[in-house]
1. Of all residues in region A:79-112 being hydrophobic (A, V, I, L, M, F, W, C), part of a helix (DSSP H, G or I) and more than 9 Å from chain B (Cβ to nearest Cβ), which is surrounded by the fewest Cβ atoms within 10 Å (Cβ to Cβ)?
2. Which of (1) surrounded by 24 or more Cβ atoms within 10 Å (Cβ to Cβ); (2) without any contact (Cβ under 8 Å) to a residue 40 or more places away in the chain does A:His116 not meet, given it meets every other one?
3. Which pairs do you get when a residue that is in contact (Cβ under 8 Å) with a residue 60 or more places away in the chain and within 15 Å of A:Pro206 (Cα to Cα), found in region A:141-154, comes within reach of a residue that is of a type in the set (Lys, Arg) and in a helix (DSSP H, G or I), reach meaning Cβ atoms under 8 angstrom, with the pair 6+ apart or on two chains?
4. How about region B:96-111: which of its residues are within 19 Å of A:Asp12 (Cβ to Cβ) and in a helix (DSSP H, G or I)?
5. Can you name the number of the only condition in (1) more than 9 Å from chain B (Cβ to nearest Cβ); (2) assigned to a helix (DSSP H, G or I); (3) without any contact (Cβ under 8 Å) to a residue 12 or more places away in the chain that A:Pro43 fails?
6. Could you identify the single residue in B:Leu150, B:Leu197, B:Leu131 that is in contact (Cβ under 8 Å) with a residue 40 or more places away in the chain and either out of contact with any helix residue (DSSP H, G or I) (no Cβ under 9 Å at 6 or more places or on another chain) or under 27 Å from B:Gln48 (Cα atoms) (or both)?
7. For region B:3-44, what are the residues that are more than 17 Å from B:Leu176 (Cβ to Cβ), among the hydrophobic types (A, V, I, L, M, F, W, C) and part of a loop (DSSP other than H, G, I, E, B)?
8. For B:Arg233, state whether it is surrounded by 13 or more Cβ atoms within 10 Å (Cβ to Cβ), out of contact with any Pro (no Cβ under 9 Å at 6 or more places or on another chain) and either modelled with pLDDT of 95 or more or not hydroxyl-bearing (Ser, Thr, Tyr) (or both).
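The values are calculated or read from the model by the stated rules, or taken from the named source; none is laboratory data. What you see is a predicted model; the values in this text were computed from it and never measured. All Cβ positions, glycine included, derive from the backbone under ideal geometry; neighbour counts span all protein chains shown.
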Amino acid sequence: MSEQSPDVHALDPESFLEEVHSFEFWFHSVEGYLSGQTYGHRPDVHGAPLAPDERERLVTVLCNYCIGETAALEGASGLVAIAPNRHTKVFLATQVVDEGRHLEVLLHRLTDVGVHAPEAEIERRATRSLLQFKRRLLELVETRDWEAAIFAQNVILEAMEFTVFQTHARTADLVTREVLNGIVKDERRHMGFGENELGRRLKLTPHIRARLGEVKKELDHLVLESFEETLRALAVPAAERPELGRHYLEVVARLGFA
Amino acid sequence: MADFLSMYSVQHWLESCPQGYLRNTEYGHHPGEKEPELLLGDSLLREQAIGVTVQLVVGERCALAASSGLVGSAPDEASKCFLATQTLDEARHVEVFTQRLFDLGVPRTELESTIQRLANPNLVRFAEVLLEKVDRKDFVAGVVGQNVVLEGMAFTVFEMMYAGNQALNPKFAHTLSGTIADERRHVGFGENRIGALIQEHPHKRPEIERMQKEMSYWMLATFADSFRGTPAREEARRLRASLSGSGAPKAEWHGADLDALEPEEMEHLLADTVLKEFKVRLGRIGLEYQTPARP
């Protein structure tokens, strides 16, 4: 890939979208933080051995992250078909590969910590609300409701993952931290796309805000419930559990969807 | 299977494709490369190049829709991850061939109308047959249609075009060489992954074989249209003749001198090569090749 154009912000709006939604732009964005990495972390970084209870907790959260990323992968790939134009199709294709990478690095981390059959383990440890969230997201994609689906995928799901991964990365072992930090960088780009795409549509057709509000109400409930289920599985004291939910709601509000 | 699928991982793709053969390219070619002046200056040749490139965009849009549409119905995580890389490969192909249309002078505002005007209806039918399987979430038929039939066709067509453009148009040849490398990986996945699935679902064979026959027919009809009405043939010969003075090598492909072939001979060479490849690849995955009617 060649040098990126010096200032994309100097472009007219149409050319700007064409540039920032391109394969070329994606590659320049990820090259800096993925170059030289193996399965999402520097190959010479090795975490200290985990105590049995720590390992058990990590496996539970990684399994649930895999469900979230599978939802994101299937959601983003399904959105390609209903994307309204060439630029958004290409951007979503870059998102598809990002989500595929996230799933792959998380599965790899599971095998790193000794899980020999990750797919079976994921099924065993899946939280009910997260599975319900995935089903609902894919239903929105299936019904070809572009605004509702992109809102569920690139605002709600991405904000949920962003919040959880960023919070977890602060206290995670070294390898998991690098893996999560790399994912968080992608999530920022995906949320930016959702915010931009919906922002422009809301300006033109403000009445869709009410419909998105309904979707948010329904999905927020599942997001917060999945936080609760996961934190309970991790034995986090009840008093500390609401903090993650508050953080998630703040992130969504910052994107303009309070 | 896990070991085999690691060859198709996102990690492997990142290292071999964007960080490998695409490094230091711009829309798939070397930075700064341009379409030849002789091509841009000749309206007949330019129009023909636009027509050919439109078919590439149509084919790649179909491949993008099919590969992304198959992710959700893939039976395991590793196949989902591979199809994620293929989705982005196909989006890149759409992007680089669309960019070629702009380079050839198609105004951005007229992109969709140009594609609509010039898209070969037989190629559109070919795409529809495949996308119907994808829409029905038929993973096995979808992968055979996409990664064996469509990609197998694209691979051979691109190779022939590459041979024809290496000396005439290095920019386009370089764009093609990256897509050929991608198609090789896609065909490899199709052959390797789908054989086991066909053994698991033998009842699917007749339907998939019918699909192959139908797609092959529309492919041959597309080739027929493309080669049987080529007013720019003489122009292209003159262009090559003007280059041969500067020592340009012959455009050879499968032992044939492409410049010396008549359009009909070229059509037969391409069709026979693609169909022969289909036969071999389908045999490898346990399907019996079905001979299509000749349009």
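1. If we take residues in region A:79-112 being hydrophobic (A, V, I, L, M, F, W, C), part of a helix (DSSP H, G or I) and more than 9 Å from chain B (Cβ to nearest Cβ), then A:Ile82 is surrounded by the fewest Cβ atoms within 10 Å (Cβ to Cβ).
2. (1)
3. Note: pairs meeting the criteria are A:Glu147/A:Arg201; A:Glu147/A:Arg211; A:Ala148/A:Arg211; A:Phe151/A:Lys216.
4. Kept after step one, since they are within 19 Å of A:Asp12 (Cβ to Cβ), are these residues of region B:96-111: B:98-99, B:102, B:106-111.
Passing the criteria: B:Thr98, B:Gln99, B:Phe102, B:Arg108, B:Thr109, B:Glu110, B:Leu111.
5. With (1) more than 9 Å from chain B (Cβ to nearest Cβ); (2) assigned to a helix (DSSP H, G or I); (3) without any contact (Cβ under 8 Å) to a residue 12 or more places away in the chain applied to A:Pro43, the lone miss is (2).
6. Details: B:Leu197 fails: either out of contact with any helix residue (DSSP H, G or I) (no Cβ under 9 Å at 6 or more places or on another chain) or under 27 Å from B:Gln48 (Cα atoms) (or both); B:Leu131 fails: either out of contact with any helix residue (DSSP H, G or I) (no Cβ under 9 Å at 6 or more places or on another chain) or under 27 Å from B:Gln48 (Cα atoms) (or both).
The unique qualifying residue is B:Leu150.
7. B:Met7
8. Details: surrounded by 13 or more Cβ atoms within 10 Å (Cβ to Cβ): yes; out of contact with any Pro (no Cβ under 9 Å at 6 or more places or on another chain): no; either modelled with pLDDT of 95 or more or not hydroxyl-bearing (Ser, Thr, Tyr) (or both): yes.
Spelling it out, it is not the case that B:Arg233 is surrounded by 13 or more Cβ atoms within 10 Å (Cβ to Cβ), out of contact with any Pro (no Cβ under 9 Å at 6 or more places or on another chain) and either modelled with pLDDT of 95 or more or not hydroxyl-bearing (Ser, Thr, Tyr) (or both).
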